[in-house]
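Below: one structure, written as structure tokens.
Only the coordinates and a few stated rules stand behind these numbers; no lab work does. The structure presented is a predicted model; accordingly, all values stated were derived computationally and were not measured. Note that each Cβ is placed from the backbone with ideal geometry, even for glycine, and that neighbours are counted across all protein chains shown.
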Amino acid sequence: MVEKKVKAKASSKSAGAKTAKGTKTKTVNKAPAAKAAPKSAKKKTTFKLQAPEAAEVFVAGCFNEWDPTADPLQRGEEGVWACTLMLEPGEHEYRFVVDGVWWDDPVNSIRRQNDLGCENCIIIV
């Protein structure tokens, strides 16, 4: 709220109140500045895998309930597969599924043992 003085030198009293010198102050409400919509906390995260012989590649992880066909990667130049997902900040476990076979990410050495006797890769967003 912004106060606008009407015939007064200084006053912080509410609208219509008289000051010591008998002048009035008027309170003028200005519209609040437009607030930007809250930004999503999610961040763009790109997964890539070099697999030139693959027919199809997916990424499965805690972010898609380990669904082996939820997030396909697209084949790019020289057999590099990639996809970009919006992930919440924090640690996420994942693995690739290449032609139906679960693969580790060969360029990610951050791993965690899983309940199936192998390791999941960890990405930190």
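Overview of values
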item: Under 15 Å, Cβ to Cβ, from V59 - net charge with Lys/Arg +1 and Asp/Glu -1; result: -4
item: Sorted peptide list for 104-114, 82-92, 53-63, criterion being average Cβ within 10 angstrom, highest first; result: 53-63, 82-92, 104-114
